[in-house]
1. Look through A:Thr7, A:Thr65 and report the one residue that is of a type in the set (Val, Ile, Thr) and within 14 Å of another protein chain (Cβ to nearest Cβ).
2. Being surrounded by 24 or more Cβ atoms within 10 Å (Cβ to Cβ), assigned by TED's automatic domain parsing to the domain that holds B:Lys40 and under 30 Å from A:Val194 (Cβ atoms) narrows it down to one residue among B:Ala120, B:Ala138; which is it?
3. Test of understanding: among B:Lys316, B:Lys338, which residue is under 26 Å from A:Gln26 (Cβ atoms) and more than 23 Å from the chain's Cα centre (by Cα)?
4. If I go through segment A:211-230 residue by residue, how many of them are of a type outside the set (S, T, N, Q) and in a strand (DSSP E or B)?
5. Would you check if A:Glu179 is surrounded by fewer than 21 Cβ atoms within 10 Å (Cβ to Cβ), touching an Asp or Glu at 6+ places or on another chain (Cβ under 8 Å) and closer than 27 Å to A:Tyr18 by Cβ?
6. Quick one: which of A:Phe245, A:Phe210 is surrounded by 20 or more Cβ atoms within 10 Å (Cβ to Cβ), among the aromatic types (Phe, Trp, Tyr), in contact with a strand residue (DSSP E or B) (Cβ under 8 Å, 6 or more places away or on another chain) and closer than 22 Å to A:His45 by Cα?
7. For segment B:273-296, give me each residue that is within 13 Å of another protein chain (Cβ to nearest Cβ), surrounded by 13 or more Cβ atoms within 10 Å (Cβ to Cβ) and touching a strand residue (DSSP E or B) at 6+ places or on another chain (Cβ under 8 Å).
Amino acid sequence: MNSYRVTHLKQLESEAIYILRETAAQFEKPGLLFSGGKDSIVMAHLARKAFWPARLPFPLLHVDTGHNFPETIEFRDRYVKEINADLTVALVQDSIDQGKAIEEKGIHASRNKLQTVTLLDAIEDCGFDACLGGGRRDEEKARAKERFFSHRDDFGQWDPKNQRPELWNIFNGRKHHGEHFRIFPLSNWTEMDVWQYLKLEDIELPNLYFAHDREVVRRSGTLLAVSDVVQPQADETTETLQVRFRTIGDMTCTGAVESDADTIDKVIQEVATARQTERGTRSDDKRSETAMEDRKREGYF
Amino acid sequence: MTEETDTQGYLDMDLLRFTTAGSVDDGKSTLIGRLLYDSKNLFEDQLEAVEESSRQRGDENVNLALLTDGLKAEREQGITIDVAYRYFATPKRKFIIADTPGHIQYTRNMVTGASTANLAIILVDARHGVIEQTCRHAFIADLLRIRHVVVAVNKMDLVDHSEEAFDKIVSQFKEFASRLDNIVDMTFIPISALNGDNVVDPSENMPWYEGTTLLYHLETVYIGSDQNHVEARFPVQWVIRPHSEKYHDFRGYGGRVAGGVFKPGDAITVQPSGFTSKIKSIESMDGPLEEAYAPLSTTITLEDEIDISRGDMIVKANNPPHKGQEIEAMICWFSDSKNLVGRSKFILRHTTKEVKAVVQEVRYKININTLHKVEDDLEFKLNDIGRIKLRTSGPLFYDSYKKNRVTGSFILIDEQSNETVAAGMIL
Ligand SMILES: Nc1nc2c(ncn2[C@@H]2O[C@H](COP(=O)(O)OP(=O)(O)O)[C@@H](O)[C@H]2O)c(=O)[nH]1
Ligand SMILES: [Mg+2]
């Protein structure tokens, strides 16, 4: 007798594929935000499954701060080619050059906030009426309140207190002209689910996620990789440590963790025993208690 | 080597979705915090952040409630306003918690949280016993067809861990619940969320209690029969036509199985056209599959080329859904800016189909505290629950919500604002 059991990963996969298909069906021009990080790689993988054997029915969009790890960009370009998808790259540098975004100053300067300007412009330029993002509710407390289909007004803003209720698997993507949606197929996934799924599906990742030797500098309790955009100050020293990254964002704000997890099994073990959330390595979230909610209201991912 | 087997274990877990309901201050947020904390699903930086916030607010103890109350307004007011989703896992199961506010003004949030849940934890304050709110929460769980209910009698520490107090609440609740018919499994557990008694670890203060801890129950409760594996239903979401050289003639129907089991060779009917065919294959990127069942997302191809589009439903020939344009349903009204009255018009979304709908008749509302029918005031305001009759612009293919949560549910959308204004359960 078949018990028709469906494991948690299969349920999450089916839910995400369902959301991806709803997005394609309910919107005229969706785009998939692709950063080359593990969540967006999982999302692109799920999108391939959702529409296989057809190509993805929407392009990928990368908001490139110019402060990405070179490994991420190299991976991005190779991956996009491999899956035969269309990619649009929107550069934060362009927004700065056009005077729409102003670069922060000082050693803690980050282009993280500026991405919102570039993102909203790109959404308008590309004519997207929906953007698929890899955000997960377990990442951060404001994200925990996020809907699968998240409505944005015509300024791209999120109004967390006035969200549409979502029941069963019925999603309401109706909108007025100029409004758009952010859509989060991975809402119910945790960091652990993502890693388990990467293993189950044997999905390739940028090698930054695995332990390697790297020159780092310790700044405000965070290990930052030394690079063009992160140089040691007079009172700082650099050291070479075996590290890996739990999330991949800008080199200016993504901290490394010391680790010897150089295979996916070891990473899963490490995640299972981790005592810090993955965003604990992100200085952009530490700016204030409501940093994420504030950024999201303005139109951040 | 042991590492290898360990990580394999993670790939073979179940999923349980549950809601927590209770009145304000019954201890829902504390309980969730406790579950996360004692099952080691809480991270140091999360705990530090909560400790810091508790200090700033002048709370005496670490306020585990702050873990779930994520929005600025919620933290300022010290209450849960929206549905907050939380996740944790043990080696057996992954859990999705919908933490919903308990006050009557947030009935719609409770309904939302309950719509996807397999199980509801209803909190009762041991000092107050079963009160009006408890009955309301049980009624909502039953209305949304949650099969498994756990009545967690909390704050046992404040009634001297008394067996008598617990037993009294059990019988009060049972008496009320005899009026509800969807709940097939009721479990009563005496706990102290604050101190952790019977949450993850057995209580030393209540040796008289012989049942399992709350977490053990959540890990082991059998939910396999919650899905409908009898009536085969496949609402078509998206037609896959690659137009590539390799898959020139490929025509697949993407969707999520809403009920029953589909296998290659099965005789099917397509609604609404009534065309019949056979399933040729069940496709996936990893190769063809032998079968597909709820709630899997999959792609079906048919032997014959027939015209099928989004909103159609593939069903087994011998077991069709109801077909009709007049629908009797229970609804919960969500809008605070508009009310529902007879003749109100909406957009109705049911599975992957959208039609127009008009309210033909408002039958009654339910006073959700007394469960009495209200027949003199038939205007639905925010959070009102009751029964209506709708007529739709085109036929729907549906089952009763009792039989199938997917093909038996719908939402109503306001045409002007595009807001979701009601949730409906077909009778
Ligand atoms: N004595 C005692 N107090 C509790 C218990 N559980 C929760 N509380 C307290 O009850 C108050 C309300 O708890 P909270 O979790 O915010 O309730 P919610 O409104 O249901 O989320 C807080 O002060 C808690 O510390 C318990 O088991 N025993
Ligand atoms: Mg609360």
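The values are calculated or read from the model by the stated rules, or taken from the named source; none is laboratory data. Keep in mind it's a predicted model, so treat the numbers as computed, not measured. Glycine gets a Cβ as well: all are built from the backbone with ideal geometry, and neighbour counts include every protein chain shown.
1. Numbers: A:Thr65 fails: within 14 Å of another protein chain (Cβ to nearest Cβ).
So the residue among A:Thr7, A:Thr65 that is of a type in the set (Val, Ile, Thr) and within 14 Å of another protein chain (Cβ to nearest Cβ) is A:Thr7.
2. Working: B:Ala138 fails: under 30 Å from A:Val194 (Cβ atoms).
Just a single option satisfies the conditions, and that option is B:Ala120.
3. Details: B:Lys316 fails: under 26 Å from A:Gln26 (Cβ atoms).
Selected residue: B:Lys338, the only one of B:Lys316, B:Lys338 that is under 26 Å from A:Gln26 (Cβ atoms) and more than 23 Å from the chain's Cα centre (by Cα).
4. Summing the residues that are of a type outside the set (S, T, N, Q) and in a strand (DSSP E or B) in segment A:211-230 gives 11.
5. Working: surrounded by fewer than 21 Cβ atoms within 10 Å (Cβ to Cβ): yes; touching an Asp or Glu at 6+ places or on another chain (Cβ under 8 Å): yes; closer than 27 Å to A:Tyr18 by Cβ: yes.
Judged against the criteria, A:Glu179 is a match.
6. Working: A:Phe210 fails: surrounded by 20 or more Cβ atoms within 10 Å (Cβ to Cβ).
After applying the criteria, what remains is A:Phe245.
7. Just the residues of segment B:273-296 that are within 13 Å of another protein chain (Cβ to nearest Cβ), to begin with: B:281-296.
With the extra rule that they be surrounded by 13 or more Cβ atoms within 10 Å (Cβ to Cβ), the set shrinks to B:281-285, B:289, B:291-296.
Within segment B:273-296, B:Ser281, B:Ile282, B:Glu283, B:Ser284, B:Leu289, B:Glu291, B:Ala292, B:Tyr293, B:Ala294, B:Pro295, B:Leu296 meet the criteria.
Matching residues to (1) assigned by TED's automatic domain parsing to the domain that holds B:Leu378; (2) of a type in the set (A, V, I, L, M):
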{"position": "B:Gly287", "(1), (2)": "no, no"}
{"position": "B:Glu290", "(1), (2)": "no, no"}
{"position": "B:Leu296", "(1), (2)": "no, yes"}
{"position": "B:Thr301", "(1), (2)": "no, no"}
{"position": "B:Asp304", "(1), (2)": "no, no"}
{"position": "B:Ser309", "(1), (2)": "no, no"}
{"position": "B:Phe334", "(1), (2)": "yes, no"}
{"position": "B:Ser337", "(1), (2)": "yes, no"}
